[in-house]
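The structure appears right after this line, and notes come after that.
FYI, it's all coordinate maths here, none of it is from the lab. Computed from a prediction, not measured in an experiment: that's the story for all the values here.
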Amino acid sequence: MSLMRRVAVVVACVPVLVLAGCGDDEPGEPVEFPSLSPSAPVSPSASESVGVEELPASEVEPEEFVRAWVGAYDEATFTGDATRMRSMSSPECLTCESLATAMEEIVANGGSVDVGDTPTRVDVTEQLNPEKSSGATEVTVELGFPAGVTRETRDSEPIEFGASTETWVFYVAVIEERWIVTEVAL
């Protein structure tokens with residue numbers, strides 16, 4: 001799939017890239033990320049120095065892991081570096097890979113998705129117990145994406161998009177004693 005087509009799919013179908021403008025910031029400049037939202041409390045089990053993705057699954061609820069994955073998604077969108085998001089995703093998660101690649105390519109081409117400092121809102125609506133055959137836990141969340149402006153490249157015309165609320169279904173499983181996103185249904 002061509003870069004322009006991937007960008008168009010992401011922008012048209014999933015106006016969720018929440019990149020705080022790459023604009024004129026120095027590449028090495030540290031970026032401070034806001035917390036997800038009041039609806040996404042941090043578990044006392046997750047210390048500030050250790051992300052929930054590094055904790056054993058027995059210490060992290062599936063919903064907490066999904067909130068952290070969305071936070072990693074926001075971070076990847078801010079920076080174009082999807083390393084943390086990928087580390088929380090199975091290599092077989094095609095949606096995860098597609099989102100990560102699209103964000104990296106936009107930023108690599110000097111583009112951005114600017115929503116100011118507004119993070120994605122995460123509200124867990126349902127969690128289903130693991131299916132015995134797959135071992136995956138299904139976590140349904142309502143994501144609130146802020147309005148913003150996308151630029152596919154530094155010099156491209158801005159494409160405005162409105163705020164949206166979307167339901168995503170995450171499938172998470174314990175692999176090597178840690179939670180991992182095995183697929184995301186948009």
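For the range 96-186, the normalised intensity computed at q = 0.12, 0.13, 0.17, 0.25 Å⁻¹ comes to -0.51, -0.58, -0.86, -1.24 (log10 of I(q)/I(0), Debye sum over alpha carbons, equal scatterers, no solvent). Across the range 64-72, computed HN-Hα scalar couplings (Karplus, 6.51 cos²θ - 1.76 cosθ + 1.60, θ = phi - 60°) run 5, 5, 4, 4, 5, 4, 5, x, 5 Hz from first to last residue, x flagging Gly and Pro. Phi angles across the range 78-84 convert, under the Karplus curve 6.51 cos²θ - 1.76 cosθ + 1.60 with θ = phi - 60°, into 3J(HN,Hα) values of 5, 10, x, 9, 9, 4, 5 Hz, Gly and Pro given as x.
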